[in-house]
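As structure tokens, the structure follows; a few thoughts come after it.
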Amino acid sequence: MSNAPERPQIGTIDWASKPKRTQEYYDRIKQKFAEERDLRLSYRPEGTKQYTYDLDGSLARYEIDPYGGEVTPRETINDTVECLFIGGGFSALLTSARLREYGVESIRIVERGADVGGTWYWNRYPGAACDVVAYDYLPLLDEMNYVPSRHYAKGPEIFAHCQAIAKKYNLYELAIFQTTVISTVWDEAEKMWNITTDRGDHLKAKFVICANGTLSKPKLSKISGMEKFKGHSFHTSRWDYEYTKSDLSGLADKVVGIIGTGATAVQAISGLGAGAKELYVFQRTPSSIDVRDDWPTNPEWAQKLKPGWQAKRRAQAKAEPELTEEQAAQRAQMSPEEKLRRQENANIEYMMKIHRRIDEIVENKATAEALKPWYMFMCKRPCFDNAYLPTYNRPNVHLVDTHGKGITEINEQGPVFEGNQYQLDVLIYATGFEVQKTGIYNEIRGKNGLEINDKYRDGIRTLLGIHSEGYPNLFIMGGYQASFQFNLTDMLQAQGDHIAACIDYTRRQGYQSIDATSEAEEWWVEEVIKHRGKTNRNQECTPGYYNFEGEFQRRQDGNYNGGFNKYCTNMEDVRAKLEENFAFTRK
Ligand code: NDP
């Protein structure tokens with residue numbers, strides 16, 4: 001798959017015994033998956049263009065930061081630092097920690113929000129939490145000597161962890177908040193990046209790290225008449241607590257609607273159901289919802305942890321073999337078709353388990369049917385939540401299933417679907433984000449003045465998803481052509497470690513710049529193409545941001561899918577031959 005993270009376990013694939021069900025059973029379900037996908041594609045042939053990403057004019061308010069308060073007036077800044085991060089989320093924080101370990105003193109974060117935290121700064125909707133086990137997800141736990149309070153940490157704890165990292169590594173000192181980088185231009189004579197911001201700053205930096213995150217810019221579905229709505233409305237990543245109040249008591253007498261049922265909405269809906277007078281959920285495609293196995297951290301367990309426990313835990317997870325020797329031997333005897341069939345059948349079994357769970361929990365049969373996802377596991381971001389499904393048993397919560405069509409019309413009073421008017425006081429857009437775009441909000445011009453997205457016009461070209469030839473001393477984090485882990489911070493840490501090591505080498509050797517060679521870049525583009533996956537899953541999946549909404553994509557424009565371990569090994573190989581893979585210059 002293209003955007004998809006490496007998948008979490010879906011249960012054991014039975015490589016040994018004969019299937020318990022007929023193949024016809026699985027084929028029928030696969031056929032239904034295909035029909036549901038085709039239905040959605042027929043409604044939205046425009047693919048990613050169904051969304052609006054440039055929120056300006058009457059839509060600009062959906063992007064305004066409700067958390068940072070008034071923008072504090074300040075003098076413009078015109079100075080030089082050694083390392084400049086565009087964005088202050090986990091990418092910047094965990095890479096800065098490594099740079100500090102190498103003795104880099106001059107580090108600046110330029111951040112659009114009023115604090116560090118990135119995702120966890122912006123996403124403060126009620127119920128925000130991480131779906132990845134906190135002991136794995138929160139980075140730098142060893143360095144910070146911190147054990148998360150729960151198995152699955154909630155948003156405020158993760159945000160506080162970001163702030164603690166910034167404090168420990170002294171990253172607030174040079175940081176510039178409430179500021180957006182608008183251009184980053186390489187000066188070949190000076191061997192320096194010139195950065196301008198929307199606050200009139202002219203900054204210089206020797207090294208620039210694009211740490212603007214994978215899902216940073218809120219997007220809205222293009223819905224006819226949406227600007228006419230007279231009630232209150234906002235995007236989930238700009239939650240208006242002034243209106244809803246922190247305990248959502250502001251919604252107690254309000255009729256609320258939410259558009260979208262992705263991972264964000266799934267976390268927010270149980271709180272909204274409990275807080276609002278009436279809640280209407282406008283669903284286009286249901287998410288898959290499994291059990292959330294959450295508990296508070298056992299203090300005795302935490303006390304026994306030895307220094308370095310997180311690094312060990314991550315290394316162990318990487319080292320775990322996928323199959324036992326016996327399973328591997330049985331698998332080796334199978335034809336490629338049989339292997340694929342067994343994988344797909346196991347996937348279908350898992351999805352049918354998700355369906356059964358819905359039947360067990362949701363009392364209204366029509367609602368239960370509508371909540372069933374008809375696609376392979378991992379076609380969309382899987383969700384783990386215990387409160388979401390029971391919320392539909394509340395009398396004040398109403399599922400408006402649009403069966404793949406989506407809401408296409410909004411008027412002064414609210415959404416209209418199939419002739420029914422939904423009269424709302426508040427409309428919440430849980431419609432997601434622009435995906436993995438390098439230079440989001442920012443124009444990046446390299447050695448020959450070429451904007452990086454123009455360089456990518458005929459296909460993305462990078463080395464490891466991090467370096468791009470012609471853009472010396474520039475490093476990209478969390479972008480395409482890199483591996484994509486379900487535990488994203490593990491991947492970001494691997495990239496951060498690599499970037500810090502490259503910068504350290506460049507400094508120690510007294511070089512002014514490091515730039516990927518075109519040969520190294522070509523090698524990596526070919527690796528990405530070679531590892532685009534062996535199945536047609538991308539086309540077979542229901543549309544969503546994982547598969548570019550079903551659009552045709554050039555083969556190199558997704559993630560590297562050779563596996564995280566192999567990605568890390570490739571990185572090590574590149575670092576072992578830095579002088580071969582990069583062109584270095586002295587002044
Ligand atoms: P998504 O892009 O996943 O979801 C957008 C939702 O809006 C989809 O359900 C989509 O339907 C729906 N939609 C769009 N247009 C319309 C319309 N016109 N009418 C009705 N519905 C519409 O965004 P999210 O913010 O939910 O999640 C983004 C990502 O953020 C996640 O995939 C995950 O990676 C991350 N996240 C992680 C969490 C964690 O725990 N770690 C928690 C929350 C988010 P359709 O499916 O049909 O396209």
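The values are calculated or read from the model by the stated rules, or taken from the named source; none is laboratory data. Being a predicted model, the structure only gives us computed values, none of them experimental. Glycine gets a Cβ as well: all are built from the backbone with ideal geometry, and neighbour counts include every protein chain shown.
If a residue has to be out of contact with any Pro (no Cβ under 9 Å at 6 or more places or on another chain) and surrounded by fewer than 24 Cβ atoms within 10 Å (Cβ to Cβ) to count, how many in region 481-492 make the cut?
0
Taking strands (runs of 3 or more DSSP E) that do not extend beyond region 199-284, which have at least 1 residues that are away from the ligand (no atom under 16 Å from the Cβ) and under 30 Å from A494 (Cα atoms)? Don't jump to the end; show me each part of the working.
On the way: elements: 202-210, 215-218, 232-235, 255-259, 278-283.
Those strands (runs of 3 or more DSSP E) span 202-210.
Check K380, K365, K353 and return the single one that is within 25 Å of A265 (Cα to Cα) and within 16 Å of the ligand (Cβ to nearest atom). Walk me through it before giving the result.
Values: K365 fails: within 16 Å of the ligand (Cβ to nearest atom); K353 fails: within 16 Å of the ligand (Cβ to nearest atom).
It is K380.
Select from region 285-317 the residues that are part of a loop (DSSP other than H, G, I, E, B) and surrounded by fewer than 20 Cβ atoms within 10 Å (Cβ to Cβ) and list them in ascending order.
Of region 285-317, the ones part of a loop (DSSP other than H, G, I, E, B) are 285-288, 291-295, 297-298, 305-308.
Within region 285-317, V291, R292, D293, D294, W295, T297, N298, L305, K306, P307, G308 meet the criteria.
Looking only at residues in region 445-464 that are assigned to a strand (DSSP E or B) and not hydrophobic (A, V, I, L, M, F, W, C), which one is surrounded by the fewest Cβ atoms within 10 Å (Cβ to Cβ)? Before the answer, list the steps.
If we filter region 445-464 for residues that are assigned to a strand (DSSP E or B), which is where we start, we get 445, 451, 463.
Within this subset, residues satisfying the condition of being not hydrophobic (A, V, I, L, M, F, W, C) are 445, 451.
On the way: R445: 20, E451: 15.
In this case the residue turns out to be E451.
Can you pull out every residue in region 147-163 that is buried (at least 16 other Cβ atoms within 10 Å of the Cβ) and more than 16 Å from the ligand (Cβ to nearest atom)?
Scanning region 147-163 gives V147, Q163.
Among the numbered conditions (1) away from the ligand (no atom under 14 Å from the Cβ); (2) farther than 30 Å from F484 by Cα, tell me where A302 comes up short.
(2)
Name the one entry in Q481, Q495 that is part of a loop (DSSP other than H, G, I, E, B), under 20 Å from the mean Cα position of the chain (by Cα) and either among the β-branched types (V, I, T) or away from the ligand (no atom under 15 Å from the Cβ) (or both).
On the way: Q495 fails: part of a loop (DSSP other than H, G, I, E, B).
After ruling out the rest, the residue left standing is Q481.
For region 429-456, what are the residues that are of a type in the set (G, A, S) and more than 11 Å from the ligand (Cβ to nearest atom)? Let's see the steps before the verdict.
Pass one, region 429-456, residues of a type in the set (G, A, S): 430, 432, 439, 446, 449.
G439, G446, G449 - these are the residues of region 429-456 that are of a type in the set (G, A, S) and more than 11 Å from the ligand (Cβ to nearest atom).
Of the conditions (1) more than 23 Å from the chain's Cα centre (by Cα); (2) within 16 Å of the ligand (Cβ to nearest atom); (3) at pLDDT below 95, P8 clears all except one; give me its number.
Status for P8: all satisfied but (1).
Could you grab me the full set of residues in region 389-410 that are within 12 Å of the ligand (Cβ to nearest atom) and not hydrophobic (A, V, I, L, M, F, W, C)?
Those that are within 12 Å of the ligand (Cβ to nearest atom) and not hydrophobic (A, V, I, L, M, F, W, C): D401, T402, H403, G404, K405, G406, T408, E409.
I'm told G470 meets every condition in (1) surrounded by fewer than 21 Cβ atoms within 10 Å (Cβ to Cβ); (2) within 16 Å of the ligand (Cβ to nearest atom); (3) of a type outside the set (K, R) except one. Can you identify the failing condition by its number?
(2)
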